[in-house]
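Presented below is the structure to which this report refers.
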Amino acid sequence: MKKVSLSFIRLSVPTKIPFCRNVVNDLTDNPFFPSPDEPLTNAKAGVDKLEASELAARDGSHTAIAARNADEEEVDRIFRILAAYVERISAGDEVKILSSGFQLTKQPATASKAVLAVTEGANSGSVKLIAKAVEKAGAYLWQYAKDAIPDTETGWMQAGTSTQATFDIAGLTVASKYYFRVAAITPDGTTDYTAPVLKVVS
């Protein structure tokens, strides 16, 4: 589910001011968000005050800088409330969130499962093949080749078939290079074989 980013809080004041103004503009008369928890008039007034205190603080006066910091904290408070409102009402709808002027949080990248992985087997001279499951697959065809990838399809040796996306092969030569690949049998036919995966058997 999409969430509203609070990264605007880390923006510099000169960058934060136009960002917040844009949020106010986008929320005004937005049919998705008819009743913000914080009145938009308060939000606009807070941004106006921050802009004025930002200009005043440019002379380096400690008092003016303190006033600007206080105004920035108030703007952050107001827009946190608005962000929470948008997140609650949008219920994770990306289009609604973006229509508010707020940004989406970046989703953590999910590590994609390898199409075919080859790991050590239970005993010396064996390997375990683990494929990414194929939807509606009724069986998997496992093949291997020793030392080098064959130039022709006939150069691949059949290791066997399975109904699961895993397969164990034993009796391989220790310290030798093997290449492995797999295809799935589905109602639509047999898929292409995966790209070969190299494994030095131990």
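Here are the numbers for the structure shown:
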{"quantity": "Strands (runs of 3 or more DSSP E) contained entirely in the range 158-202, each with at least 2 residues that are under 14 Å from N123 (Cα atoms)", "calculated": "166-169"}
{"quantity": "Residue within the range 101-115 that is surrounded by 15 or more Cβ atoms within 10 Å (Cβ to Cβ), basic (K, R) and closer than 24 Å to P18 by Cα present", "calculated": "no"}
{"quantity": "Every pair of residues 6+ apart whose Cβ atoms lie under 7 Å, when the first sits in the range 16-30 and is more than 18 Å from R80 (Cβ to Cβ) while the second is surrounded by fewer than 16 Cβ atoms within 10 Å (Cβ to Cβ) and not charged (D, E, K, R)", "calculated": "none"}
{"quantity": "Checking E38 against (1) in a helix (DSSP H, G or I); (2) surrounded by 16 or more Cβ atoms within 10 Å (Cβ to Cβ), the condition it does not meet", "calculated": "(1)"}
{"quantity": "Residue in the range 62-82 that is at pLDDT below 95 and either of a type in the set (D, E) or closer than 13 Å to G101 by Cα (or both) present", "calculated": "no"}
{"quantity": "Count - residues of the range 119-145 that are of a type outside the set (G, A, S) and not in a loop (DSSP other than H, G, I, E, B)", "calculated": "11"}
{"quantity": "Qualifying residue in the range 145-158 (condition: surrounded by 11 or more Cβ atoms within 10 Å (Cβ to Cβ), closer than 17 Å to T186 by Cβ and not small (G, A, S))", "calculated": "no"}
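The values are calculated or read from the model by the stated rules, or taken from the named source; none is laboratory data. Just so we're clear, the structure is a prediction, and the values are computed from it rather than from any experiment. Quick reminder, even Gly has a Cβ in these numbers, built from the backbone with ideal geometry, and neighbours come from all protein chains shown.
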